[in-house]
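Structure first, then comments.
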Amino acid sequence: MSDSLAGRMGASSAASPYGQQQSSANLADILERVLDKGVVIAGDIQINLLDIELLTIKLRLLVASVDKAKEMGIDWWEHDPSLSSRARTERPEARGASRDDAAGSQVEAENARLRAEIAELRAAVGLPAAGSGQESLPGRPGVEHAEGEESK
Amino acid sequence: MTAEMDPATDGAMSYVYAVGRAGTPVETALAGRQGLEGTPLRTVRAGDLVALVSSVPSASYGAEGVQAQMEDLGRLEVLARTHHAVVEAAYEHATVLPMRLATVYLGDGRVREMLGEREPEFSALLARLEGHVELGVKVYADPREAVAVSSREAEADTTDRPGRAYLQRRRAQQQNHRATYRAAGAVAAGVSDRVAGIAEAHVTHRPQQGELTEAAGENIVNDAYLVHGTRAGAFRAALAGLGDDVPGVRVEITGPWAPYSFATPPEAGGGEPR
């Protein structure tokens, strides 16, 4: 990054990094410092305390522990596509169809192969086929309907 | 919006970026520079202290205005980056205490009163931080990266046994996951040893998560160290190469920063504000 701050200790005229690191420094790093650190004194302008609390929590979500927020029952960001990649992919209208489908069919193909192999293995060791309750012969066809599987 | 703002206007309030000592370059160095809303920076002096301020319109910096700005990530970013840029520019010339974002007073008179009231506290902090900078150290664990390295060859000859291959892959992933986090922990533990003779204080920040975190992998350690400005190079050198030989583990050093993380009074507990 920039040596500007260290620079001032020696050369007095470090070429203006003002506006330089400014753009390169990570926003999360900056927010972490300007919001949470620094000298905290009450100015004349007070934001409603309750609101500050909410605000701080929201901002923390952007830079800090999501788990902690979830513990507190706060999860609105998961539904806000501008904040959450999960919300983006969950929302049908925001869904990048082509990519997801490609990934999905790959997973399905792998599932199919896995099911076939499991059936084979079960057959080999004499276990009943998958699909628990109803029996089909140890073998392949019965496995094809086990479609409930969510592939994480 | 309002590049027209006249500092003398009734509607203007005083936004405080930082506090420094009178008689240091902070009083003159930023003359001609602009702060928020494009208004010029100036200093307000009381006793031995000066505050670096600029006038801001009360419409956007009153209670509702500030809140609205903070609720909007785009505006918040402008606010935060501008605030930070002013602090940083000042810190290039003199040791200053960075104020928290959106510390706003009704006018310069109120800023003077505040400086008067806080004089002992601010003077002590300024003395402690004189000549020091803050360096951030973040350690990331990225098991996927480690897996990508290790499992490439394994995949080729198992395509006819996808089940076994899958299980092997899962096991390898889990082992990798654990190993990566363990390795990252070990790397993180090495940081404080390496900088022991260089850093003078240390605070732990919450690991960063969320959309604003641009880096790959999970941030497991997010610390800040207080280092004398002349030793910032030595600090970086001491950590050079740390983690480079550990797949899936990355060490990132940020700064030097104005010592934001050390400008809070000790009672605040350093890492975890309530």
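The values are calculated or read from the model by the stated rules, or taken from the named source; none is laboratory data. Values in this document were obtained by computation on a predicted structure and should not be read as measured data. Note that each Cβ is placed from the backbone with ideal geometry, even for glycine, and that neighbours are counted across all protein chains shown.
Structure notes:
- Boolean, B:ALA201 is within 17 Å of the chain's Cα centre (by Cα) and surrounded by 18 or more Cβ atoms within 10 Å (Cβ to Cβ): no
- Whichever residue in the range B:191-229 is within 18 Å of B:GLU130 (Cα to Cα) and not in a strand (DSSP E or B) and, among such residues, is farthest from the other protein chains (Cβ to nearest Cβ): B:ILE198
- Some residue of the range B:5-21 being modelled with pLDDT under 95 and in contact with a Lys or Arg (Cβ under 8 Å, 6 or more places away or on another chain): yes
- Taken over the range B:15-40, residues that are of a type in the set (Ser, Thr, Tyr), within 27 Å of B:VAL66 (Cα to Cα) and over 24 Å from the mean Cα position of the chain (by Cα) amount to 1.
- Any chance B:ALA29 is facing another protein chain (nearest Cβ under 10 Å) and over 26 Å from A:GLU32 (Cα atoms): yes
- Just one residue in the set B:ALA232, B:ALA184, B:ALA188 is outside any loop (DSSP other than H, G, I, E, B), of a type in the set (A, V, I, L, M), crowded, with 16+ Cβ neighbours inside 10 Å and in contact with a helix residue (DSSP H, G or I) (Cβ under 8 Å, 6 or more places away or on another chain); that residue is B:ALA232.
- Pairs are defined by a Cβ separation below 8 Å, a sequence spacing of at least 6 or placement on different chains, a first member in the range B:163-192 that is closer than 21 Å to B:ALA216 by Cβ, and a second member that is surrounded by fewer than 12 Cβ atoms within 10 Å (Cβ to Cβ) and not small (Gly, Ala, Ser); the pairs so defined are B:ARG169/B:GLU155.
- Within the range B:235-254, the set of residues being surrounded by fewer than 17 Cβ atoms within 10 Å (Cβ to Cβ) and in a loop (DSSP other than H, G, I, E, B) comprises B:ALA240, B:GLY241, B:ASP244, B:ASP245.
- Every residue from the range B:115-140 that is surrounded by 15 or more Cβ atoms within 10 Å (Cβ to Cβ), of a type in the set (D, E, K, R) and within 11 Å of chain A (Cβ to nearest Cβ): B:ARG118, B:GLU134, B:LYS138
Residue by residue, here is whether (1) under 26 Å from the mean Cα position of the chain (by Cα); (2) among the charged types (D, E, K, R) holds:
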{"residue": "B:ARG100", "(1), (2)": "yes, yes"}
{"residue": "B:VAL111", "(1), (2)": "yes, no"}
{"residue": "B:ARG118", "(1), (2)": "yes, yes"}
{"residue": "B:VAL139", "(1), (2)": "yes, no"}
{"residue": "B:ALA146", "(1), (2)": "no, no"}
